[in-house]
Amino acid sequence: MAAIRNIVILTGAGVSAESGLETFRAADGLWENHRVEDVATPEAFARDPELVQRFYDMRRTAIMQAQPNPAHAALARLDAAWPGALLLVTQNIDDLHERAGATRVLHMHGEGLSAWCTACDARIGWSRSLLDEPPCPSCGATALRPDIVWFGEMPYRMDDIFDALREADLFVSIGTSGAVYPAAGFVRQARECGARTLELNLEASQGSAWFHETRLGPASALVPQWVE
Ligand code: BV8
């Protein structure tokens, strides 16, 4: 196999499942009988901000109560030891990769522990409720929203991701159903640029056909096995 220098890793909700954070599919994509796609949208926030803020209050609390699992720890070890390029793109809004020690992390769908001031555009580390419409610490406006990429919104740093996919020798997808774009299309882009593609997941995903190799099982077992 050709030498591997540049690695792109994509993680989804499945990598945090064993940390107790519910995946989107596990709840049949439902929260309080709402489809997540109907709550995680700018339209929902405009229509019923209180509902959306409660959704993210719940997510923020769950994130703070969760601990990294062996999959996060193994990826952090790889990140620290890997001499070549490594980009850990996560669709997750939790900070478990960072709390496990990973540094080359890119949150393409935003972060649950961050608030976005739509008045001054500041991103602020935020761990408490936004329900009471607190003023922005930077500009004082009551214009804070969850720093989350909702459906219909452009994910963060797509240029950096596409650059990394073009240079990748290895693309590894961990714990994602391959249901949401543009993340679900990364495997195809990487493969078409010559990367070897590996999927580590509990079950086959919508993108499995695009992977040279798929290993099925829990991330807490598969990821340390692959990293070692
Ligand atoms: C965009 C933040 C364009 C929110 C998220 C029609 C109308 C509108 C839009 C669209 C449409 N059709 C298509 C679209 C595009 C849309 C999309 O793809 N929709 C889907 C539903 C069809 N995408 C977008 O809207 C994106 N933006 O396209 O913008 C644009 C262009 C120009 C200018 C402006 C805009 C934005 C998408 C981002 C949405 N935000 N997250 C929040 O978290 O609250 S997405 C959210 O859902 C997650 O971040 C994640 O990405 C996704 C769920 O996916 P997974 O992470 O894979 O989780 P899931 O539960 O599905 O799967 C878990 C997997 O793990 C399973 O396979 C399971 O087997 C496995 N697993 C479980 N346990 C374990 C395990 N594996 C290992 N070990 C275990 N223990």
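Structure above, values below:
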| read-out | value |
| --- | --- |
| Helix-only [θ]222 nm of the chain, DSSP H runs n ≥ 4, -39500 (n - 2.57) each, per residue, nearest 500 | -8500 deg cm²/dmol |
| Degrees, to the nearest 10: 158-167 long Cα axis against longest axis of the chain | 0 degrees |
| Cα-based shape type of region 136-220, given that a ≥ b ≥ c are square roots of the gyration tensor eigenvalues and the cut on a/c is 1.5 | prolate |
| Table column - 3J(HN,Hα) (Hz), region 103-118, Karplus curve with 6.51, -1.76, 1.60, x for Gly and Pro | 10, 8, 9, 10, 8, 6, 10, x, 9, x, 9, 9, 10, 10, 8, 7 |
| Using θ = phi - 60° and Karplus 6.51 cos²θ - 1.76 cosθ + 1.60, couplings along region 72-89 (whole Hz; Gly, Pro as x) | 4, 5, 5, 5, 5, 5, 4, 4, 5, 9, 6, x, x, 6, 8, 10, 9, 8 |
| For the chain, alpha-carbon Rg and Dmax in angstrom | 17.6, 56 |
| Peptides ranked, highest mean first, by Cβ atoms within 10 Å: ranges 178-187, 15-24 | 15-24, 178-187 |
| ³J(HN,Hα), Karplus 6.51/-1.76/1.60, whole Hz, each residue of region 181-192, x for Gly, Pro | 9, x, 4, 5, x, 5, 4, 5, 4, 5, 5, 5 |
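Laboratory data are not the source of any read-out in this text; all were calculated from the coordinates shown. All values reported here derive from a predicted model rather than from experimental measurement. All Cβ positions, even for glycine, are placed from backbone atoms using ideal geometry, and neighbour counts span all protein chains on display.
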